[in-house]
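Novice: Mind looking over this structure? Questions follow.
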Amino acid sequence: GQVGKDGYRHYMEKELHEHPVAIGQTLQRMIDPATRRVVLPELPFDPESLPRVSITACGSAFFAGFVGRYWLEALARLPVDIDVASEMRYRNPPLTPGGVGLLISQSGETADTLGTLRSLRAAGQHIMSVLNVEHSTMGRESDVVLGMVAGPEISVASTKAFTAQLTVLAALSVAFARARGLIDAAGEQALVASLLDVPSRATEVFAQGDAIRAMAAIVAEARDVLYLGRGICYPIAQEGALKLKEITYIHAEAYAAGEMKHGPISLIDRSVPIVAICPSTILFDKTVSNLQEARARGGRILAFTDAIGAERLRGIAEVIVVMPDVDPFVAPILYAIPVQVLAYEVALLKGTDVDQPRNLAKSVTVE
Ligand code: G6P
């Protein structure tokens, strides 16, 4: 039936507020509450002997897959290749039959992703898809479907489907790590506990509205914005930059923070705000020194970090959004939320058409 806005100004605003529910429902689908173990559908392959996983997707789903690569490599010790679908489709990478082609798509209808699914199948890969619309063309053509349970997403720019995709990929990585003997039952339960903590921490993010709006006021005045992140939060910087471009028409670029000195540092002055996604994890100190370099060149730093990170960034960052403390494993799921809210708040200030940005479509069914 018809989906309403439930009193919100835009579908995007409503769907941003549905992040906690989308994450929670997706976890309900994938986790057995009695054993605190991840439950996967029956697999046509043994995760223990997988030669490789090839991840492919478009748009925000691609950045979810990029986070998935970090998880599958670090937790499940799997070799992972990732590319946008329009490239993977024609790259013709050498693939060992019996690997997994992992497709990620909200709609299950994106032409480039579907085309890549078919070429990965032709190359002898098992096809596993992470889909919101399970009864879609990609759903029908997959060997295994992992459903995200985000509910209908109407806004053209993806929001809750993105965090639901991350949730599926996190749980999948835990299941593969267990199946490959890299963690024991207690290790699995600890990671599952961190995942189960995310919906309530996600709700707390909405208390940071004032700080996010203070950031938005600065970003809305800019012509160019630089997003920085490291490690598992680098793809979240990319998602932030994409979202800003999509709905505000402000040019944004994401860089791995450590790579800034090899290029974008030459752009930095007061007119180019720098949005940093930097929970206080192992790479935090390195990111801080990157931000100090930017600050020394007049850059205005806007940071998403936790309470410990906020202590270190006082005097460096002009605006800090203080995020709830979470296990670093799940940080990308949580940090995706305020980054999307920032784009939304900037769009409100710019007066752009949030739900129907110019030239963009919800689902791109042509190549
Ligand atoms: C379009 C949408 C994006 C989405 C992308 C991939 O570009 O505007 O929000 O991330 O398609 O869509 P899919 O349905 O495959 O996830």
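The values are calculated or read from the model by the stated rules, or taken from the named source; none is laboratory data. What you see is a predicted model, and the numbers here were worked out from it, not measured in a lab. Ideal geometry is used to build each Cβ from the backbone, glycine not excepted, and the neighbour counts take in all protein chains shown.
Novice: Quick one: how many residues across the range 302-312 are surrounded by fewer than 22 Cβ atoms within 10 Å (Cβ to Cβ) and either aromatic (F, W, Y) or touching a helix residue (DSSP H, G or I) at 6+ places or on another chain (Cβ under 7 Å) (or both)?
Specialist: Of the residues in the range 302-312, 1 are surrounded by fewer than 22 Cβ atoms within 10 Å (Cβ to Cβ) and either aromatic (F, W, Y) or touching a helix residue (DSSP H, G or I) at 6+ places or on another chain (Cβ under 7 Å) (or both).
Novice: In addition: Where residues in the range 265-284 are without any contact (Cβ under 8 Å) to a residue 40 or more places away in the chain and under 23 Å from the mean Cα position of the chain (by Cα), which of them is farthest from V330 (Cα to Cα)?
Specialist: Checking each candidate, the answer is F284.
Novice: So is P51 in contact with a His (Cβ under 9 Å, 6 or more places away or on another chain) and either touching a residue at least 24 places away in the same chain (Cβ under 8 Å) or buried (at least 19 other Cβ atoms within 10 Å of the Cβ) (or both) or not?
Specialist: no
Novice: Follow-up question, since we're still on this one. For the list (1) in contact with a Pro (Cβ under 8 Å, 6 or more places away or on another chain); (2) assigned to a helix (DSSP H, G or I), I need the number of the one condition that F304 fails.
Specialist: With respect to (1) in contact with a Pro (Cβ under 8 Å, 6 or more places away or on another chain); (2) assigned to a helix (DSSP H, G or I), F304 is out only on (2).
Novice: If a residue must be buried (at least 22 other Cβ atoms within 10 Å of the Cβ) and assigned to a loop (DSSP other than H, G, I, E, B), how many such residues does the range 326-360 contain?
Specialist: The number of residues fulfilling the criteria is 1.
Novice: Moving to a separate point now. Give the range 180-216 a look and list any residue that's farther than 30 Å from A241 by Cβ and over 19 Å from the mean Cα position of the chain (by Cα), or say none.
Specialist: R180, G181, L182, I183, D184, A185, A186, G187, E188, Q189, A190, A193
Novice: For the range 83-108, name all the residues that are surrounded by fewer than 22 Cβ atoms within 10 Å (Cβ to Cβ) and without any contact (Cβ under 8 Å) to a residue 40 or more places away in the chain.
Specialist: Of everything in the range 83-108, those that are surrounded by fewer than 22 Cβ atoms within 10 Å (Cβ to Cβ) and without any contact (Cβ under 8 Å) to a residue 40 or more places away in the chain turn out to be D83, V84, E87, R89, Y90, R91, N92, P93, P94, P97.
Novice: Could you identify the single residue in A343, A307, A361, A317 that is modelled with pLDDT of 95 or more and within 16 Å of the ligand (Cβ to nearest atom)?
Specialist: Of A343, A307, A361, A317, the one residue that is modelled with pLDDT of 95 or more and within 16 Å of the ligand (Cβ to nearest atom) is A343.
Novice: Suppose we filter the range 90-128 for residues that are under 25 Å from S49 (Cα atoms), of a type outside the set (S, T, Y), in a helix (DSSP H, G or I) and within 16 Å of the ligand (Cβ to nearest atom); how many remain?
Specialist: 3
Novice: Just wondering, is there one or more residues in the range 64-76 that are of a type in the set (F, W, Y) and under 22 Å from L114 (Cβ atoms)?
Specialist: yes
Novice: Which of the numbered conditions does S289 fail, given that it passes all the others? Conditions: (1) modelled with pLDDT under 95; (2) touching a strand residue (DSSP E or B) at 6+ places or on another chain (Cβ under 6 Å); (3) in a helix (DSSP H, G or I); (4) not β-branched (V, I, T).
Specialist: (2)
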